[in-house]
């Protein structure tokens, strides 16, 4: 009875199949094409704003005659300024060395198991972090009011040599001493933070190998601690470099002292003189930053699987790939 | 048979916790002694007491007849100076559970450090020995690498080479494979197996019961600071006498 009409399934199969492109097919077709990276329009916008602001600042610096750039040029390499600069470098260098040595000693004392050494180191750090540098310097500059003579001998017993405090402590010495005492307190905490950042198991491994105590610290702990110490100590050193400007109150003519005294003699030149000081401090800080970068790189040996290239190496390889340099 | 390590009446407490409770323990020279037991049973403390990394409250340890960390003086045991203890330790190799090579020193620097400093071996000779030892643990090509460039198993094999560089009379292993993923365990056990075959005196704290059964000459089961049972692996691991041992082994399978 239904023989006249063709079977239903057969009819459906005759219909042309709609060509349906699935996502999978599309991806298969595109698999060899590069992916279009995400665009970042806001990065461009933010960069533009910053560039405009920088241009404005540069314009303000260069077009304002009150900066007296010609006077700046005159003062920048004047012998009196260079002398001040050298004194600043000397004070920074000496106090950095004494401060760091004192700091290492204090840090080891604080970490020792001897309660007396521990508390003395703690008290030193507490005291010298509490006294403002400027107050400390003034105390030392007026030491003769406290102790007219200093002597070397048996504690509480007879003395062998005696000095007049005034002869012994020139203003230069006062500055170095004050800066070093202050520096040691801060350096101690930085060194200590580096040492305790090294895993305890390193000390255990070293002592299981029978390495002598000093060697354990010198060879195993300190090199690893140094990696943590460098960024914090670089900060401290930059602070010290600028902190030397405080010694002008002892009438010692370091960089800021020179700027200050010249400004009082040459009226109307305070701005270019301050700029001279500022630029020199910026130059010195920049040099320290470069040294910090390379030291960090050196002490990251073993801590990173591969040490990243320096900015110079990166620049060179970029130039090479673009064919500018060979 | 010569006694390599003798521990007598070892007591160690942390606060009120008695980690070692009158432990008597003997390890023979040329043999592998395995110490097994649950976590916190005191097995690592016992091992660390042997080279005085963990000073005992009472009791004593001798290695080849020499008191470790203490000396007999006027009828009492007195602690030795730090220097003397460090000197004794350089005769005893120790391989830690955690991977604690020195990360800032290359593989070869890790290995030669102790022989050069404590035994005054000339540097060139130490480097030559280090190369031989690295070949022995299958890492001849990793000479200049830094530890973090190596896999956990490779690091642990370097640690074994570092311990061997002192030509120790005895090597202590504190769960040498427990920080490693299962694939790397085998390579470390192979190295220890080779050392055992060469007749090195070793004491191994381990959770690898299969390894203990195969390699150890003597197995010590310790629980709650006391030795529960000890003997050849065929006895302690296969047919233990004590319920506690049976319970522990049952949990591991």
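The values are calculated or read from the model by the stated rules, or taken from the named source; none is laboratory data. As the structure is a computational prediction, the values presented were derived from the model and not from experiment. Positions of Cβ are generated from backbone atoms using ideal geometry, with glycine treated the same way; all protein chains shown enter the neighbour counts.
What the table below lists for this structure:
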| item | result |
| --- | --- |
| Which numbered condition residue B:39 fails, given (1) surrounded by 16 or more Cβ atoms within 10 Å (Cβ to Cβ); (2) outside any strand (DSSP E or B) | (1) |
| Residue B:42 vs. criteria in contact with a strand residue (DSSP E or B) (Cβ under 6 Å, 6 or more places away or on another chain) and closer than 29 Å to residue B:207 by Cβ | yes |
| Test set (1) out of contact with any helix residue (DSSP H, G or I) (no Cβ under 9 Å at 6 or more places or on another chain); (2) away from chain B (no Cβ under 12 Å) - residue A:232 fails condition number | (1) |
| Single unsatisfied condition, residue A:213 versus (1) free of Cβ contacts under 8 Å to residues at least 12 places away in the same chain; (2) within 14 Å of chain B (Cβ to nearest Cβ); (3) within 27 Å of the chain's Cα centre (by Cα) | (3) |
| Failed criterion for residue B:15 (all others in (1) more than 14 Å from chain A (Cβ to nearest Cβ); (2) touching a residue at least 40 places away in the same chain (Cβ under 8 Å); (3) more than 19 Å from the chain's Cα centre (by Cα) hold) | (2) |
| Count - residues of the stretch B:230-253 that are touching a helix residue (DSSP H, G or I) at 6+ places or on another chain (Cβ under 6 Å) and buried (at least 18 other Cβ atoms within 10 Å of the Cβ) | 3 |
| Of the criteria (1) over 29 Å from residue A:113 (Cβ atoms); (2) more than 11 Å from every other protein chain (Cβ to nearest Cβ); (3) touching a helix residue (DSSP H, G or I) at 6+ places or on another chain (Cβ under 6 Å), which one residue B:122 fails | (3) |
| Criterion: more than 30 Å from residue B:120 (Cα to Cα) and within 14 Å of another protein chain (Cβ to nearest Cβ) - qualifying residue of A:180, A:264, A:197 | A:197 |
| Residue B:185 being modelled with pLDDT under 90 and closer than 14 Å to residue B:134 by Cα | no |
| Residue in the stretch A:250-257 that is within 14 Å of another protein chain (Cβ to nearest Cβ), in a helix (DSSP H, G or I) and crowded, with 19+ Cβ neighbours inside 10 Å present | no |
| Total residues in the stretch B:57-69, condition closer than 22 Å to residue B:13 by Cα and touching a residue at least 12 places away in the same chain (Cβ under 8 Å) | 8 |
| Failed criterion for residue B:194 (all others in (1) surrounded by 19 or more Cβ atoms within 10 Å (Cβ to Cβ); (2) assigned to a helix (DSSP H, G or I); (3) outside the structural domain of residue B:105 (by TED's automatic domain parsing); (4) in contact (Cβ under 8 Å) with a residue 40 or more places away in the chain hold) | (1) |
| Residue, nearest to the chain's Cα centre (by Cα), within the stretch B:147-164, restricted to residues that are facing chain A (nearest Cβ under 9 Å) and touching a residue at least 12 places away in the same chain (Cβ under 8 Å) | B:163 |
| Residue under evaluation residue B:112, criteria (1) over 21 Å from residue B:44 (Cα atoms); (2) more than 12 Å from chain A (Cβ to nearest Cβ); (3) assigned to a helix (DSSP H, G or I), criterion not met | (2) |
| The stretch A:278-313: number of residues that are assigned to a loop (DSSP other than H, G, I, E, B) and more than 14 Å from chain B (Cβ to nearest Cβ) | 3 |
| Single residue of B:47, B:86, B:77 found to be outside the structural domain of residue B:141 (by TED's automatic domain parsing), in contact with a strand residue (DSSP E or B) (Cβ under 8 Å, 6 or more places away or on another chain) and outside any strand (DSSP E or B) | B:47 |
| Condition met for residue B:101 (closer than 30 Å to residue B:182 by Cβ, more than 10 Å from every other protein chain (Cβ to nearest Cβ), touching a helix residue (DSSP H, G or I) at 6+ places or on another chain (Cβ under 7 Å) and crowded, with 18+ Cβ neighbours inside 10 Å) | no |
| Residue within the stretch B:51-63 that is part of a loop (DSSP other than H, G, I, E, B) and within 30 Å of residue B:247 (Cα to Cα) present | yes |
| Residue, surrounded by the most Cβ atoms within 10 Å (Cβ to Cβ), within the stretch B:74-91, restricted to residues that are touching a helix residue (DSSP H, G or I) at 6+ places or on another chain (Cβ under 9 Å) and more than 8 Å from chain A (Cβ to nearest Cβ) | B:85 |
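Yes/no matrix, rows are residues, columns are (1) surrounded by fewer than 22 Cβ atoms within 10 Å (Cβ to Cβ); (2) in a helix (DSSP H, G or I):
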{"position": "B:72", "(1), (2)": "yes, no"}
{"position": "B:94", "(1), (2)": "no, no"}
{"position": "B:120", "(1), (2)": "yes, no"}
{"position": "B:124", "(1), (2)": "yes, yes"}
{"position": "B:135", "(1), (2)": "yes, yes"}
{"position": "B:138", "(1), (2)": "yes, no"}
{"position": "B:144", "(1), (2)": "yes, no"}
{"position": "B:159", "(1), (2)": "no, yes"}
{"position": "B:162", "(1), (2)": "no, yes"}
